[in-house]
Amino acid sequence: MDILNQTDLQQLIEETGEWRISLYMPTHPIGWEQQQNPTRLKNLLTRVKKELSEYGLGRPDIEGLLRPAEELLLDPDFWQHQSEGLAVFLSNDFSRTYRLPTKFEELLIIANNFHIKPLLPLLSTEGKFYILAINLNGIRLFLATRDTIKEIELTDIRSSIEEALWMDEPEKHLDLHLTGSSTGRGRGGGRPAVFHGHSIRDEDKTNILRFFHYFDQELSVSLKDKSILMIPAGVDYLLPLYREANTYNNLLEEELIGAPEKLTIKALHKQAWQIVEPIFRERQEQALQQFEELNGQQSNLAASDLNTVVKAAKFGQVGTLFVPLGIQKWGRYDPENNKVLQEPEPAPENEDLLDLAAIHTILNSGQVYAMQPEELPGDGDLAAILRYAV
């Protein structure tokens, strides 16, 4: 599985010009059906060749555009490591492939921009959360959604107390006598902490706080997106000390109490989701209720007209956007005249206007809820809560 982040989104958005090809398809990560994956991509590429040929592109140019994807067909290792969906982006001098935990509908779009709307549930911070597994012999960080969990390697952070404080003051030898289940050799290769009771000596508490302050500072530098909720997990006497050192604003009050290293990753994920799922559900329900109230009051802060919302998103006016998955509305934005031009059919010079509105909402720190069409509020092609009236 690959990790998709805001930097990836920015790169995809900045790639504009002729012949931007976006391919989406479901994949099978395991089982005999896994053998169907390269065949599905091969069939998609056949469709791309046909469409590009109909647009007047010559065979050598088509082959050059599709070469990175064609090479994937011959890479058995690539097909052995799949997730639920595959997204491929191709242009003359750019190619990206993402194996992602979303079962995409099969989709092919050729335009002047890459099509990213199917990625929105993964790009939005809503639905993502961190699990910080606190253990003196090695703190671990996981990024998760409802269906997925992946450990984030803390390669530049000394994540064990032994390694961190020994490197800080190598002439001093740590002598920890804390209670807990953290036994065994630390991930950093240092001597494991030893525990002998439920009380914490003042000297030990001081060392632990020093370690937690160090770790918190390094983590703050390492994490690019600090809007994601974080769940602390650890034994009961360590969690208050970590909170004392913590500066991450979205560290939840609710916590997983117990030794996280004793849980399987699947069990850790399940327990954490039980904490955050009500929070995510309540946020979406509150956003929907806010839109309905504003819309019922005929407020200028509620908008469901496609032209209005696209222009508002371009100028950072959209605070919350509700956009339907699986639907495209074709056209383009004319920046010189600040106009939205709608077209009945896709063409290389057009793009999905729903996609465009979502992209710029995210880039301007707005919240996007990508949902099934029947769940969309209002009576338009999309719905938005504006930060200020157009």
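Data table
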| quantity | calculated |
| --- | --- |
| One residue from 284, 367 being of a type in the set (S, T, N, Q), open to solvent by less than 40 Å² (accessible area, probe 1.4 Å), touching a residue at least 60 places away in the same chain (Cβ under 8 Å) and in contact with a strand residue (DSSP E or B) (Cβ under 7 Å, 6 or more places away or on another chain) | 367 |
| Every residue from segment 234-255 that is in a strand (DSSP E or B) and within 16 Å of residue 143 (Cβ to Cβ) | 251 |
| Selection within segment 16-63 - buried (at least 16 other Cβ atoms within 10 Å of the Cβ) and among the acidic types (Asp, Glu) | 51 |
| Hits in segment 78-98 - residues which are closer than 15 Å to residue 21 by Cβ, part of a strand (DSSP E or B) and not aliphatic (A, V, I, L, M) | 89, 91, 94, 95, 96, 97, 98 |
| Residues satisfying the stated conditions in segment 41-77, i.e. free of Cβ contacts under 8 Å to residues at least 24 places away in the same chain and either closer than 15 Å to residue 25 by Cα or not in a helix (DSSP H, G or I) (or both) | 43, 46, 56, 58, 74, 75 |
| Given (1) open to solvent by less than 10 Å² (accessible area, probe 1.4 Å); (2) in contact with a strand residue (DSSP E or B) (Cβ under 6 Å, 6 or more places away or on another chain), number of the condition residue 138 does not satisfy | (2) |
| Selected residue [touching a strand residue (DSSP E or B) at 6+ places or on another chain (Cβ under 6 Å) and touching a residue at least 60 places away in the same chain (Cβ under 8 Å)] from 319, 378 | 319 |
| From 255, 218, residue being touching a Pro at 6+ places or on another chain (Cβ under 6 Å), among the acidic types (Asp, Glu), within 28 Å of residue 152 (Cβ to Cβ) and open to solvent by 20 Å² or more (accessible area, probe 1.4 Å) | 255 |
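The values are calculated or read from the model by the stated rules, or taken from the named source; none is laboratory data. What you see is a predicted model; the values in this text were computed from it and never measured. Using ideal geometry, Cβ is built from the backbone for each residue, glycine included, and neighbour counts are taken over all protein chains shown. Remember, those area values only see protein heavy atoms, side chains included, never the ligands or the DNA or RNA. Shrake-Rupley method; radii C 1.70, N 1.55, O 1.52, S 1.80 Å.
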